[in-house]
Structure formats: structure tokens, C-alpha cells
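> Pasting in a structure now, in C-alpha cells, and then I'll have a few things to ask.
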Amino acid sequence: MGQETSREIASQPETWRRAVALAPTVEGLPHAGERVAVVGCGTSWFMAQSYAVLREQSGQGLTDAWTATEVPAGRDYDRIVAISRSGTTTEITQLLAATAAPSVLITAVAGGPAAQHADHEIVLPFADERSVVQTRFATSALVLLRASLGQDLAPAVADAERALTAELPPAWVAADQITFLGTGWTVGLAHEAALKLRESSQSWTESYPAMEYRHGPIAIAQPGRLTWVFGPVPDGMAEEVAQTGAELVTADLDPLAHLVLLHRLAVARAEARGLDPDRPRSLSRSVVLAAEAG
């Protein structure tokens, strides 16, 4: 079980290298100073959240992240960046068709319905997936976007290699609940991690900005559960989690590489529950609404 998903997880260091090499050659990404909306659905939305924070932090300009159906009507943007692995997602296609702003689609499959409405298309065919559950496309898209901001991704690639061989403690596989936390750009990674475990292993997961954890969610922490933090751990949090009896999970890895470790955990938890992560319950590779399917 999980052979396709595991293969795609293991390929991420290589797809990241290819995304970094591609970044200087692409057209249509935002220019400094532009007001930008980054849109996606599901996993792509969470990658959009991470990029939006990174772009603003780099001084490139106002950047909002929206799930495709919730972009405020009448809000002016200089550019729309859409992320869709298949390029067929109905909500993305409809948004691009309705927007007058210059747009770029980041996808794994060229020439899909959404591409017909985008001014530019950036295709990552090397990161396409057979699996329903996204791993390498999403992370490779974020690597491309991080590289476009001038970040050196070589350490992240090296950390991804480390994440593929790091130990997965049995207590993590057996944990009955996991809460994921992040700060800044890693909040999107926390949300994505929680989604990944729900999709793959039907696990009970929650996700929050790290400083919100003290405002209620910490109440569910107890022995046998994990509090997993992407990036820096806020002052005092380790002590507070320890008092609950839950295990605090951190890493010195680049946070995106820490997500690769979580991908492996998702497969391990699914298999421990007798589930096949290649065939998650109630999910399909792309959400195409009935009105568009015909």
C-alpha cells in the first residue's frame, strides 16, 4: 500500500532541484511593488498562504492568499497567481475567467481549462503525481516561488534528503491526536500538515498559528498526543506542552523539509490503520464540479 505516494515523497529533493533551476526562466510571476493575490484550493491554498507571507516579508509588496471562492469582490490586484496541480479545478478556472488582472497559473499539466484563462502558464511536469494526495507538486511549487524571491534553496534540498531517512518513532505513528503549529510563513505548512494526515490516514488533526495554541487548543494536549511545530518554537511553549504530557515535535530542518518528514508519517499512519494512502476515502485527484464535468 502507498507505493505511489511513497515514491513521490522520496522524489522531492530532485523535483526541488528542478524547480530551483526552472525559476530564473519563467515568466508571469509578480514584480516588486505589485499588489498580488495568490489563490488555490486545498493544499494549493496552503502553499499560497506560505508564499504570501514570504513575499511580503521580502519587501516585494502586499500579498494576500485566498481560497479561490473567497476572493473579495471588487478588490483590486495588480496580478493573480493561481496554483492548481491539474489545471482543471473548477473554482480556479472560474476565477481566472472572471479576473481582469494579469494572471499566472502554476500547474503540473499544461493546457488545462484554467490555462485558457491565464496570461502565463508555468508548468512543472516533473512534479506531477499519480497520487490523489498532493506532496511533491505542492512543495515544488513553493520551492519555485521561494527561489523567485531570491532565497537559496540548497540547504532546504539537503534537509529534504535528511528528512527521507530520519527516524519515525513508533509513538508518532500511534499518536491518537496531532496538533500542528507555525509562525509567519510556516502557518500554511501547519495547515497543510493537518490536511495531509486527515486525507491519508483519517487522523484527528488540528492546526493553528503557534501563539493561538495557548488560547484554547492546548486544552486537548495530553499524554499520547503530539504538538508539532514548524519553525521556531515560541518562548515558553516547550515548557507548557511538557506540563500537559504531550510530546513536542520540532526539527532543525528547513520547515518545508520538515513537511517531507510529515509526508512519511502520513503514509506510516495510514498503513498502521490498514488504509491505502494511494486511495484516500471520498477524494479525487481534482475537484471538477458537475456543471463543468460535461
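The values are calculated or read from the model by the stated rules, or taken from the named source; none is laboratory data. These numbers come from a predicted model, not from an experiment. Neighbour counts are summed over all protein chains in view; Cβ atoms, including those assigned to glycine, are modelled from backbone coordinates with ideal geometry.
> What's the total number of residues in the range 113-126 that are among the hydrophobic types (A, V, I, L, M, F, W, C), farther than 14 Å from VAL39 by Cβ and assigned to a loop (DSSP other than H, G, I, E, B)? Steps first, please.
Going residue by residue through the range 113-126, those that are among the hydrophobic types (A, V, I, L, M, F, W, C) are 114-115, 118, 122-124, 126.
From what's left, farther than 14 Å from VAL39 by Cβ: 115, 122-124, 126.
If we keep only those that are assigned to a loop (DSSP other than H, G, I, E, B) too, we end up with 124.
So the count comes out to 1.
> Here's something else I'd like to know. Can you find a residue that is in a helix (DSSP H, G or I), in contact with an Asp or Glu (Cβ under 6 Å, 6 or more places away or on another chain) and surrounded by 17 or more Cβ atoms within 10 Å (Cβ to Cβ) anywhere in the range 159-170?
Taking every residue of the range 159-170 in turn, at least one turns out to be in a helix (DSSP H, G or I), in contact with an Asp or Glu (Cβ under 6 Å, 6 or more places away or on another chain) and surrounded by 17 or more Cβ atoms within 10 Å (Cβ to Cβ).
> Restricting the search to the range 117-146, which residues are surrounded by fewer than 22 Cβ atoms within 10 Å (Cβ to Cβ), within 16 Å of the chain's Cα centre (by Cα) and closer than 26 Å to THR99 by Cβ?
Across the range 117-146, the qualifying residue is only ASP128.
> Quick test for you: out of ALA52, ALA97, ALA65, pick the one residue that is buried (at least 20 other Cβ atoms within 10 Å of the Cβ), among the hydrophobic types (A, V, I, L, M, F, W, C) and assigned to a helix (DSSP H, G or I).
Answer to the selection: ALA52.
> Could you please find all residues in the range 23-80 being in contact with a Cys (Cβ under 9 Å, 6 or more places away or on another chain) and under 18 Å from GLY182 (Cα atoms)?
none
> Hey, another quick one. Restricting the first residue to the range 25-41 and requiring it to be assigned by TED's automatic domain parsing to the domain that holds GLN94 and closer than 19 Å to ALA100 by Cβ, which pairs with a second residue that is at pLDDT 95 or above and loosely packed, with under 15 Cβ neighbours inside 10 Å meet a Cβ separation below 6 Å and a spacing of at least six or different chains?
ARG35/LEU62
> Let me ask something additional. Only one of VAL104, VAL38 is in a strand (DSSP E or B) and crowded, with 24+ Cβ neighbours inside 10 Å; which?
VAL38
> Restricting to the range 215-245, what's the tally of residues that are more than 19 Å from GLU161 (Cβ to Cβ), within 25 Å of the chain's Cα centre (by Cα) and touching a residue at least 24 places away in the same chain (Cβ under 8 Å)?
So the count comes out to 13.
> Pairs, please: C-beta under 7 Å, at least 6 apart or cross-chain, first residue assigned by TED's automatic domain parsing to the domain that holds VAL38 and in the range 65-87, second at pLDDT below 95 and of a type in the set (Lys, Arg)?
SER86/ARG285
> Name, by its number, the condition in (1) free of Cβ contacts under 8 Å to residues at least 60 places away in the same chain; (2) within 27 Å of LEU259 (Cβ to Cβ); (3) in a helix (DSSP H, G or I) that does not hold for ALA110.
All conditions are met except number (3).
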